[in-house]
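Taking it in order: structure first as structure tokens, then the write-up.
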There are 2 protein chains.
Amino acid sequence: MTDRDDDPVAPEDMKPAEAPSDIYAEDGSVRSDFLTMVGAAIADRDLLFLRKNVARLHESELGDLLESILPEQRHALVRLLGSDFDMTALTEVDEGIRLDIVDQMSNEQIAAGIGELDSDDAVYILEDLDDEDREDILSQLPFTERVRLMRALDYPESSAGRRMQTEFVAVPPFWTVGQTIDYLREEEELPDSFTQIFVIDPTFKLVGALDLDKVLRAKRQVKIETIMHETNHSIPAEMDQEEAAQLFEQYDLLSAAVVDDNGRLVGVLTIDDVVDVIQEEAEEDLLRLGGVGDEELSDSIASTSRSRVPWLAVNLITAFLSASVISLFDATIQQIVALAILMPAVAGMGGNAGSQTMTVSVRALATKSLDIHNAARIIRREAGVGILNGMLFGCAIGVVAGIWFQDIHIGGIIATAMCLNMLAAALAGILIPLVLDKFGADPAVSSAVFVTAVTDIVGFFAFLGIATWWYGISG
Amino acid sequence: MTDRDDDPVAPEDMKPAEAPSDIYAEDGSVRSDFLTMVGAAIADRDLLFLRKNVARLHESELGDLLESILPEQRHALVRLLGSDFDMTALTEVDEGIRLDIVDQMSNEQIAAGIGELDSDDAVYILEDLDDEDREDILSQLPFTERVRLMRALDYPESSAGRRMQTEFVAVPPFWTVGQTIDYLREEEELPDSFTQIFVIDPTFKLVGALDLDKVLRAKRQVKIETIMHETNHSIPAEMDQEEAAQLFEQYDLLSAAVVDDNGRLVGVLTIDDVVDVIQEEAEEDLLRLGGVGDEELSDSIASTSRSRVPWLAVNLITAFLSASVISLFDATIQQIVALAILMPAVAGMGGNAGSQTMTVSVRALATKSLDIHNAARIIRREAGVGILNGMLFGCAIGVVAGIWFQDIHIGGIIATAMCLNMLAAALAGILIPLVLDKFGADPAVSSAVFVTAVTDIVGFFAFLGIATWWYGISG
């Protein structure tokens with residue numbers, strides 16, 4: 001950042017354009033007129049406009065704005081805003097954009113910005129930087145803050161310790177409500193906002209927690225230990241964030257104490273961070289089912305292409321497996337071309353029925369609603385659905401195929417093959433995810449390939465095999 | 001419920017079995033030994049055990065238990081627990097199980113149980129009942145509670161008004177912090193717990209909101225209006241719950257005021273309900289992408305089968321479309337059977353590449369990260385990825401096919417067709433969801449059918465068409 005950029009002549013004689021109070025259009029995207037104004041203000045270095053209309057945005061709005069403008073505009077905007085730039089917005093943008101912006105900032109500027117943030121947001125930004133930059137930035141922070149951030153960064157990636165906030169309010173159990181309220185009124189070094197007060201012993205061991213409404217409703221002379229509740233749901237700092245999120249969901253928690261190996265309070269995990277985790281996990285499952293890894297919209301062509309190659313490669317192998325099944329029956333196809341015309345329909349319908357069952361199974365496994373107590377019932381149900389829909393669509397495709405090729409035999413053959421394949425699809429759709437899960441593999445990642453392989457192979461083999469046997473053709 | 005069930009002889013001389021303190025096994029399912037104990041206690045009508053170990057469970061644990069036992073056991077358990085049965089647990093189970101349990105209860109029993117619940121949980125249970133039972137149950141509730149529930153039930157399904165809690169704490173702006181704390185200490189008719197205090201004028205119009213930590217940290221003589229914040233994010237009762245959830249997520253809200261058409265405060269929406277909405281919506285998107293509607297694990301074979309028919313039916317039509325494309329080239333297939341063997345590979349690889357792009361697009365549209373500002377860039381990126389991966393896998397499949405059939409021509413033909421189909425897949429994967437979204441259709445529901453149809457048709461047409469032209473075969 002150069003001095004010249006920092007202090008342009010503010011165009012005070014110009015009346016600034018009136019920015020809209022809601023920056024979003026109907027469809028949820030950032031309004032085009034607002035983008036135009038911001039673009040013009042960046043080009044004109046109109047600090048007055050930017051401070052008034054951009055710096056005052058909520059962090060998530062600023063994040064959406066950063067995602068909607070060009071990279072050069074982003075860099076210029078961050079430069080122009082200087083210390084008015086709220087770095088919390090960086091936690092709201094794609095990883096690619098975050099790294100791009102941070103790369104353009106000096107370590108001094110980042111350190112100054114990070115100092116203003118809550119520790120969980122600071123860790124979120126710091127954890128993606130390379131070791132050298134991170135060390136440099138940390139060394140520029142005040143001692144207590146540096147120690148706090150380093151402690152959080154020491155916990156494994158995606159652990160509760162990484163997502164926790166290290167600022168919290170804690171009081172001893174023998175205090176009264178009056179003492180606690182006086183402490184809160186007088187103490188200056190408290191977090192900006194908090195929703196729970198923790199109760200600890202002299203060694204920082206967690207004893208309980210207090211909801212603020214209980215404090216407000218109790219008389220001044222009441223002892224804290226009589227209105228606190230035991231925290232059954234304190235979270236070990238090493239716990240995976242997904243597991244922590246499930247605890248929040250199950251017990252409707254708003255915030256939870258994070259404790260170290262010795263049961264000492266080290267931080268607090270809040271529901272807003274957990275909501276992000278829930279979203280991320282749901283997104284991951286969906287993307288994995290679609291055969292896509294951890295990619296972001298801001299990724300380049302090369303990296304996107306690379307991340308999608310593995311699944312396509314596995315698919316190429318299973319495609320050749322299916323092709324070799326078909327090649328077993330080349331003599332049959334040569335004599336009855338109708339089989340070649342119809343066979344993709346048998347395989348395709350099976351594939352779809354299989355992916356329906358698989359989607360339900362994978363989701364049920366992810367939410368832990370499918371387990372040993374109901375697996376047998378669900379398998380029976382899916383088999384039933386497979387047979388029922390198999391007969392229904394088998395008959396439908398049989399009638400149409402029979403009329404199309406004026407051949408009742410081909411109608412009967414395709415109907416039978418379809419029935420068999422729909423049953424195979426149903427069983428594959430439930431059993432494959434169950435088995436993968438049993439052996440510790442993520443069913444969302446790998447089920448689809450196996451299910452399609454089964455439905456393709458069974459579909460081609462059943463249809464062409466039955467036809468070969470029925471017409472008495474030998475290869 | 002008969003009297004006999006209500007008051008069996010408690011087996012006081014028997015030492016009750018020690019139930020485990022954590023009812024969950026490693027894999028997240030309910031522990032089998034606990035299920036066995038509960039089953040035995042139900043069979044023995046061991047009220048002591050059930051009251052001690054089942055009635056004290058958290059609502060979500062009780063819900064998981066209900067989902068893990070047999071229907072007869074469920075009915076008996078609810079009967080045995082009587083008024084000790086926490087009806088909140090019904091909000092934690094599958095719709096099918098909820099209706100089954102409620103069906104077995106008398107309206108008097110339901111009314112008594114509902115009276116104990118927060119209004120949002122009560123509405124959640126009441127909204128699924130048929131009109132007659134609902135009227136009957138409501139008529140047995142005290143007047144104020146009946147009016148509250150009826151007001152919430154009047155709002156449309158899946159609206160914020162349905163999900164809100166009608167109990168809240170509100171004070172006038174001219175009160176001091178001292179007056180507010182005294183009111184909270186003395187007033188008995190307050191909700192069990194709350195995280196915000198709302199500020200209203202004499203006509204109940206919402207003026208602002210107060211976080212509890214701010215109240216605790218202010219001196220007694222401070223006026224409420226000086227520490228309250230304006231609620232920019234109050235939620236109209238008619239707003240769809242999904243939209244409300246997005247506001248919570250974007251602005252990290254813990255609770256938000258719900259207001260009627262005149263800006264009057266009618267309730268409060270809390271983050272724990274919103275977390276459920278977020279989960280449901282993510283689940284819906286995933287199930288729809290997999291071609292499955294709103295089904296539950298407890299659904300019967302018949303209803304599951306029925307709910308999956310529509311998508312399979314559409315798929316049958318597109319399968320015949322693809323088949324008729326193949327039939328255009330029957331003369332070619334008859335001469336070169338290798339084409340029939342390889343053509344599913346071309347279509348299948350295209351289908352997978354298309355579903356990768358589609359998954360990313362549908363997810364990005366759902367989270368509003370794909371909009372007009374970046375659509376052009378994403379389309380270009382996906383086209384680039386399609387061409388890149390098309391060339392890569394085109395070459396791979398070309399080499400293998402060429403070697404397999406000892407025919408360099410067939411290798412070249414399949415490589416070219418694969419390239420074209422991967423590009424078509426990429427474009428279909430992004431453009432189809434975008435167009436569906438533009439016209440107000442849910443891209444998650446319908447994209448998959450269209451994308452597969454495109455990749456099948458382009459795959460077969462390109463491969464067989466190029467082969468027909470290259471070998472100079474006429475139909």
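The values are calculated or read from the model by the stated rules, or taken from the named source; none is laboratory data. Not measured: the values here are computed from a predicted model. Neighbour counts run over all protein chains shown; Cβ positions are idealised from the backbone, glycine included. Calculation scope for accessible area: heavy atoms of the full protein, side chains included, ligands and nucleic acids excluded. Shrake-Rupley method; radii C 1.70, N 1.55, O 1.52, S 1.80 Å.
Of note:
- Neighbouring Cβ atoms from other chains, within 10 Å of the Cβ of residues in A:244-257, number 3 on average.
- For the listed peptides B:444-450, A:391-397, A:307-313, a ranking on the average number of other beta carbons within 10 Å per residue, highest first, reads B:444-450, A:391-397, A:307-313.
- Its Kirkwood hydrodynamic radius, worked out from the mean inverse distance over all distinct Cα pairs, puts segment B:300-434 at 16.9 Å.
- 3J(HN,Hα) couplings calculated from phi for segment A:422-431 with the Karplus curve 6.51 cos²θ - 1.76 cosθ + 1.60 (θ = phi - 60°) are, in sequence order, 5, 5, 4, 4, 4, 5, 5, x, 9, 6 Hz; Gly and Pro show x.
- Cβ-Cβ FRET estimate between B:H373 and A:W175, R0 fixed at 60 Å, reported to 0.05: 0.65
- Shortest-first nm distances, A:E243 label point to equivalent points in other copies (7 Å, Cα→Cβ): 4.1
- A Förster distance of 35 Å, applied to the separation of the beta-carbon atoms of B:A331 and A:R306, puts the FRET efficiency at 0.25.
- Loop-resident sites, segment A:184-245, for trypsin sites (Lys or Arg not before Pro), counting at most 13 other Cβ within 10 Å (DSSP): A:K219, A:R220
- Across the alpha-carbon atoms of segment A:170-290, the computed radius of gyration and Dmax are 16.5, 60 angstrom.
- Other-copy label distances relative to A:E187, 7 angstrom Cα-Cβ extension, nm: 2.8
- Note on A:D44: accessible area is roughly 100 Å² with a 1.4 Å probe, heavy atoms of protein only.
- Ascending list, in nanometres, of distances separating the B:T36 label from those of the other copies (7 Å, Cα toward Cβ): 7.4
- Per residue convex hull volume, Cα atoms of segment B:32-154, in Å³: 94 Å³
- Cα centre as origin, Lys/Arg/Asp/Glu Cβ charges: the protein assembly as shown dipole, Debye: 3280 debye
- Solvent-free Debye scattering, log10 I(q)/I(0), computed from the Cα coordinates of segment A:190-261 at q = 0.14, 0.26 Å⁻¹: -0.50, -1.31
- 10 Å Cβ neighbours from other chains, averaged over peptide B:58-64: 3
- Taking amide H atoms as placed 1.01 Å from N in the peptide plane, the amide H of B:I235 lies under 5 Å from those of B:A257, B:V258, B:V259, each 5 or more residues away in sequence or on another chain.
- Cα centroid separation - segment A:143-205 against segment B:411-475, whole Å: 57 Å
- Acute angle (nearest 10 degrees) that the helix B:32-43 long axis makes with the longest principal axis of chain B, alpha-carbon atoms: 50 degrees
- Percent of C-alpha pairs per 10 Å bin, segment A:111-236, short to long: 11, 37, 28, 19, 4, 0
- At q = 0.09, 0.10, 0.13 Å⁻¹ the log10 of I(q)/I(0) for chain A amounts to -0.84, -0.94, -1.18, computed by Debye summation with a single uniform scatterer per C-alpha, solvent ignored.
- With all protein chains modelled, accessible area of A:I457 [1.4 Å, Å²]: 50 Å²
- Those GluC sites (Glu not before Pro) in segment A:178-258 that DSSP places in a loop and that have at most 10 other beta carbons within 10 Å: A:E187, A:E188, A:E189
- Residue-averaged beta-carbon neighbours from other chains (10 angstrom radius) around B:310-321: 5
- Of the whole protein surface, A:F198 contributes about 0 Å² of accessible area at a 1.4 Å probe radius.
- With the convex hull drawn over the C-alpha atoms of segment B:263-355, the volume per residue is 194 Å³.
- About its Cα centre, the dipole of segment A:170-290 is roughly 1060 debye, where the only charges are +1 on Lys and Arg Cβ and -1 on Asp and Glu Cβ.
- For GluC sites (Glu not before Pro), the sites in segment B:105-171 that DSSP calls loop and that have at most 11 other Cβ atoms within 10 Å are B:E157.
- Each Lys and Arg adds +1 at its Cβ and each Asp and Glu adds -1 at its Cβ; summed about the Cα centre, chain A shows a dipole of about 2960 debye.
- Solvent exposure ordering (accessible area, 1.4 Å, most first) of B:Y24, A:Y124: A:Y124, B:Y24
- Residue by residue, segment B:115-128 carries 3J(HN,Hα) couplings of x, 7, 8, 5, 4, 5, 5, 4, 4, 4, 7, 5, 5, 8 Hz when phi is fed to the Karplus relation 6.51 cos²θ - 1.76 cosθ + 1.60 (θ = phi - 60°); x denotes Gly or Pro.
- Accessible area in the full protein assembly, largest first, 1.4 Å probe, for A:F168, B:F329: A:F168, B:F329
- Binned Cα-Cα distances of the protein assembly as shown, short to long, each 10 Å bin given as a whole percent: 2, 10, 17, 21, 20, 15, 9, 4, 1, 0
- Rounded, prolate or oblate (a/c below 1.5 giving rounded, otherwise prolate when a/b exceeds b/c) for segment B:120-185 by Cα gyration tensor: prolate
- Once backbone amide H atoms are built at 1.01 Å from N, B:V207 has B:V199, B:I200, B:D201 as its partners under 5 Å, excluding neighbours fewer than 5 places away on the same chain.
- Which of A:F198, A:M87, A:L420, positive extreme of dipole for chain A (C-beta unit charges): A:L420
- Positive-end residue of A:N53, A:A282, A:L370, charge dipole of chain A with Cβ unit charges: A:L370
- Across segment A:444-449, computed HN-Hα scalar couplings (Karplus, 6.51 cos²θ - 1.76 cosθ + 1.60, θ = phi - 60°) run 5, 6, 10, 4, 4, 4 Hz from first to last residue, x flagging Gly and Pro.
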